[in-house]
Amino acid sequence: RVAEWRWGGTDIAGNFGSSITGQKSFNIDTLPPIGNVIINGGADYATSTLVTLTFDAVDFIGNGRTSPSTMLLSFDEGSSWQEFPYSVKLQLNIPLEGGYPVPGEQGIYQDIWVKFKDSSGNISEIAQSGIIVNTRGAPKAAVLFRKK
């Protein structure tokens, strides 16, 4: 898009003075960012609620690309969102309250939902990833001695 403007002045007697005109090109950003999230490098299991989230997101503006300005995270299927400045990696403790026990596993399955937001306020579709967090600790090992 191109905006044109004209600026001039009128004196006290009503005389219009010389004017200045100009043009400015600008892009209107209507496209939301796109991206995804990976937990602990794509691992199926975590031994702690402290995980590393890796984000890969891009925002297209005009003929260029940039990163989103913020990201919104949810641990409860999108009922509530926490906003963070966009970064490629984020380490945080994930809550287990929104997760559910996995039958036959020693842990809780927790999903993480993320949306990316650009500086124009456009918000991406939801990206999601999940992980099983071990909540019972490592299995106990036993040493057996046999008499000869």
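For the reader, a short list of remarks on this structure follows.
- Residue within segment 87-94 that is of a type in the set (D, E, K, R) and in a strand (DSSP E or B) present: yes
- Some residue of segment 60-80 being more than 17 Å from the chain's Cα centre (by Cα), open to solvent by 90 Å² or more (accessible area, probe 1.4 Å) and either polar (S, T, N, Q) or at pLDDT below 95 (or both): yes
- Condition met for ASP56 (acidic (Asp, Glu) and either over 15 Å from the mean Cα position of the chain (by Cα) or farther than 18 Å from ILE126 by Cβ (or both)): no
- Only one of the listed residues (ILE38, ILE12, ILE34) is open to solvent by 50 Å² or more (accessible area, probe 1.4 Å) and either among the charged types (D, E, K, R) or at pLDDT below 95 (or both). That residue is ILE12.
- Residue ID - least open to solvent (accessible area, probe 1.4 Å), chosen from residues in segment 103-119 that are part of a loop (DSSP other than H, G, I, E, B) and within 10 Å of VAL133 (Cα to Cα): GLU105
- First in segment 38-51 and of a type outside the set (Phe, Trp, Tyr), second anywhere and assigned to a helix (DSSP H, G or I) and open to solvent by 40 Å² or more (accessible area, probe 1.4 Å), Cβ under 9 Å, 6 or more apart: ALA46/ASN40; VAL51/ASN40
- Checking each residue in segment 41-57 for being aliphatic (A, V, I, L, M) and surrounded by 14 or more Cβ atoms within 10 Å (Cβ to Cβ) picks out ALA46, VAL51, LEU53, ALA57.
The values are calculated or read from the model by the stated rules, or taken from the named source; none is laboratory data. Only a predicted model underlies this, so the values are computations on that prediction, with no experimental measurement involved. Because the Cβ atoms are built from the backbone with ideal geometry, glycine has one as well, and the counts that use them run over all protein chains shown. Each accessible area value is taken on the protein alone, full model and side chains, heavy atoms only, with ligands, DNA and RNA left out. Shrake-Rupley method; radii C 1.70, N 1.55, O 1.52, S 1.80 Å.
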